[in-house]
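The values are calculated or read from the model by the stated rules, or taken from the named source; none is laboratory data. Remember, it's a predicted structure, so these values are computed and weren't measured experimentally. Here the Cβ positions follow ideal geometry from the backbone for every residue, glycine too, while neighbour counts run over all protein chains shown. Side chains included, ligands, DNA and RNA excluded: accessible areas come from the protein's heavy atoms. Shrake-Rupley method; radii C 1.70, N 1.55, O 1.52, S 1.80 Å.
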Amino acid sequence: MTEDEQKDAPHKVGNLLDEVVLGFDRALKTLTGQVEASRPNPAGDEVDLVLEDDERAHAIGLMRVNHTGEICAQALYEGQALTARSDASRQALKNAAQEERDHLAWCRERLAELGGRSSILDPVFYGTSLMVGAATGLVGDKVSLGFVEATEDQVVEHLNRHLSELPEADVRSRAILEQMRLDEARHGDEALAMGGESFPALVKGAMTVVSRVMTKTTYKI
Ligand SMILES: [Fe+2]
Ligand SMILES: [Fe+2]
């Protein structure tokens, strides 16, 4: 270690500690619903139509899954930003995370309107996603951005499925998911444009299995 590096070491440890404390604070806020959207809720003043009991229960299950998906998005971006090599990639990841915070807040608002609650498994999925994000970031920025593209690709497919499954009368949930679908597709395109490498089909297949586990469990609990 050179003399300059020795002088710099306490600063680096200090910065790392700051990051850990701030990251922990963001995790708590994400998990406890203290996240505010920066854009208005796309459901706007759409009338909240009365749903049959079984329709409402189904809508709650679907929106709980979407809420957990957005918790995962926060943790993935957080993990990837933590280990990103370049400042440009880190900044791009942080910008995308802001739009994901809108999604998180909107899903949470809709869940409350429907009389549902978030999944008890959210902290587990946050922790898992944080580790997956950090590990992906360690491989390198191109792979990390490619991972964003692959994830968003799957999220768009997933949202298509949910839009066909949601009760027709649940216009407020539908408006939220439609805006999310536009945003997610753009996040994927931007990640590719920034140099993300397209992911092999095999890896995408493995991600499908993981997301199925998440959607199956959080629909119920
Ligand atoms: Fe999202
Ligand atoms: Fe996204």
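Between a first residue in the stretch 174-193 that is within 11 Å of ligand 1 (Cβ to nearest atom) and a second residue that is basic (Lys, Arg), which pairs have beta carbons less than 8 Å apart while being 6 or more apart in sequence or on different chains?
ILE176/ARG110
Residue check: is SER129 open to solvent by less than 20 Å² (accessible area, probe 1.4 Å), within 22 Å of ALA185 (Cβ to Cβ), out of contact with any strand residue (DSSP E or B) (no Cβ under 8 Å at 6 or more places or on another chain) and more than 16 Å from ligand 1 (Cβ to nearest atom)?
So SER129 does not fit the description; no.
Which residues, taken from the stretch 153-179, are polar (S, T, N, Q), farther than 27 Å from LEU192 by Cα and surrounded by 15 or more Cβ atoms within 10 Å (Cβ to Cβ)? Quick ask: steps written out before the conclusion?
Filtering the stretch 153-179 for residues polar (S, T, N, Q) gives 154, 160, 164, 173, 179.
Next cut, farther than 27 Å from LEU192 by Cα only: 164, 173.
Of everything in the stretch 153-179, just one residue is polar (S, T, N, Q), farther than 27 Å from LEU192 by Cα and surrounded by 15 or more Cβ atoms within 10 Å (Cβ to Cβ), namely SER173.
Among the residues of the stretch 185-221, how many are farther than 17 Å from ALA92 by Cβ and assigned to a helix (DSSP H, G or I)?
Counting residues in the stretch 185-221 that are farther than 17 Å from ALA92 by Cβ and assigned to a helix (DSSP H, G or I) gives 20.
Among the residues of the stretch 42-54, which ones are more than 21 Å from VAL156 (Cα to Cα) and open to solvent by less than 60 Å² (accessible area, probe 1.4 Å)? Even if it seems obvious, please write down each step before you answer.
Within the stretch 42-54, the first condition is being more than 21 Å from VAL156 (Cα to Cα), and the residues that meet it are 44-54.
Listed by number, the residues that qualify are GLY44, LEU51.
Every residue in the stretch 83-118 that is closer than 22 Å to SER144 by Cβ, more than 14 Å from ligand 2 (Cβ to nearest atom) and either open to solvent by 60 Å² or more (accessible area, probe 1.4 Å) or without any contact (Cβ under 8 Å) to a residue 40 or more places away in the chain (or both), please.
Matches in the stretch 83-118: ARG85, ASP87, ALA88, ARG90, GLN91.
Counting only residues that are over 17 Å from the mean Cα position of the chain (by Cα) and at pLDDT 95 or above, give me the helices (runs of 4 or more DSSP H) lying completely in the stretch 87-182 with at least 3 of them.
Details: elements: 87-114, 122-139, 141-165.
Helices (runs of 4 or more DSSP H) meeting the threshold: 87-114, 141-165.
Any chance you could count how many residues in the stretch 194-221 are away from ligand 1 (no atom under 16 Å from the Cβ), touching a residue at least 12 places away in the same chain (Cβ under 8 Å), within 26 Å of GLY61 (Cβ to Cβ) and not aromatic (Phe, Trp, Tyr)? Explain how you work it out, then say what you get.
Start the filter on the stretch 194-221 by keeping residues that are away from ligand 1 (no atom under 16 Å from the Cβ), which leaves 194-206, 208-210, 212-213, 216-217, 219-221.
Filter once more, keeping what is touching a residue at least 12 places away in the same chain (Cβ under 8 Å): 194-199, 203-204, 208, 217, 219-221.
Next, only the ones that are within 26 Å of GLY61 (Cβ to Cβ) stay: 204, 208, 217, 219-221.
When the remaining residues are screened for being not aromatic (Phe, Trp, Tyr), the result is 204, 208, 217, 220-221.
Total meeting the criteria: 5.
Of the residues that sit in the stretch 55-72 and are open to solvent by 20 Å² or more (accessible area, probe 1.4 Å) and over 19 Å from the mean Cα position of the chain (by Cα), which one is nearest to ligand 2 (Cβ to nearest atom)?
Taking the candidates together, the pick is HIS58.
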